[in-house]
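**Q** Quick one: structure below, then a few questions.
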Amino acid sequence: MTKKEFIELYFTKGGFTTKADAERKAIAFLDVIEEGLLKGEDITFLGFGKFEVADRSARETRNPQTGEKMQVPAKKVVKFKAGKALAEKVNK
């Protein structure tokens, strides 16, 4: 689903007066999630899921084309774990 398709569906389901209003509110919602993650906070929606920032340690890998060993530096990653209700709906 593209951003445009998401906004269209959000507009339809959300009962907004204009698509522009739906887009502004969707962007604001995503910005709030981003702000929380940047602060290192977990974002939890019961039944839907949990967004969290996790540390990924440095590791050594191989370049699949050359076989050369490479170092991948440590970094932070965003993880999402689906809630029980969402997981059950997806698996029906």
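**Q** Can you give the accessible area per residue of the chain, in Å², using a 1.4 Å probe?
**A** Solvent-accessible surface per residue comes out at 84 Å².
**Q** Here is a follow-up. Where in the chain lies the longest segment free of GluC sites (Glu not before Pro) that are both loop residues by DSSP (not H, G, I, E, B) and have at most 14 other Cβ atoms within 10 Å?
**A** Between the exposed loop sites, the longest stretch runs 1-40.
**Q** Counting only other residues whose beta carbon sits under 13 Å from that of Glu5, what net charge do I get with K and R as +1, D and E as -1?
**A** Net charge around Glu5: +2.
**Q** Tally Lys/Arg at +1 and Asp/Glu at -1 over every other residue whose Cβ is under 9 Å from the Cβ of Phe80; what's the total?
**A** Its environment carries a net charge of +2.
**Q** Quick one: pull the percent of accessible area on the chain belonging to carbon and sulfur, 1.4 Å probe, ligands and nucleic acids left out.
**A** The computed percentage sits at 57.
**Q** When a/c reaches 1.5 or more, the comparison of a/b and b/c decides; with that in mind, is segment 41-92 rounded, prolate or oblate per its Cα gyration tensor?
**A** Taking the square roots of the gyration eigenvalues as a ≥ b ≥ c, segment 41-92 is oblate.
**Q** What aspartates and glutamates does Lys69 reach when the alpha-carbon gap must be under 14 Å and sequence neighbours fewer than 8 apart in one chain are set aside?
**A** Filter leaves Glu60.
**Q** Additional query: Of Leu46, Leu30, Leu86, Leu38, which has the most accessible area and how do the rest follow, probe 1.4 Å?
**A** Sorted descending by solvent-accessible area, the residues read Leu46, Leu38, Leu30, Leu86.
**Q** Quickly estimate the mean residue ellipticity at 222 nm for the chain, helices only: each DSSP H run with n ≥ 4 gives -39500 (n - 2.57), and the total goes over all residues, rounded to 500.
**A** -13500 deg cm²/dmol
**Q** Return the ratio Rg/(2.2 N^0.38 Å) for segment 1-72, where Rg is computed over Cα atoms only.
**A** After normalising by residue count via 2.2 N^0.38 Å, the value is 1.71.
The values are calculated or read from the model by the stated rules, or taken from the named source; none is laboratory data. Owing to the predicted nature of the structure, the values given are computational and were not obtained by experimental measurement. A quick note on method: Cβ atoms are made from the backbone with ideal geometry, for glycine too, and the neighbour counts reach across all protein chains shown. For the accessible areas, the whole protein counts, side chains as well, though only heavy atoms, and no ligand, DNA or RNA atoms are used. Shrake-Rupley method; radii C 1.70, N 1.55, O 1.52, S 1.80 Å.
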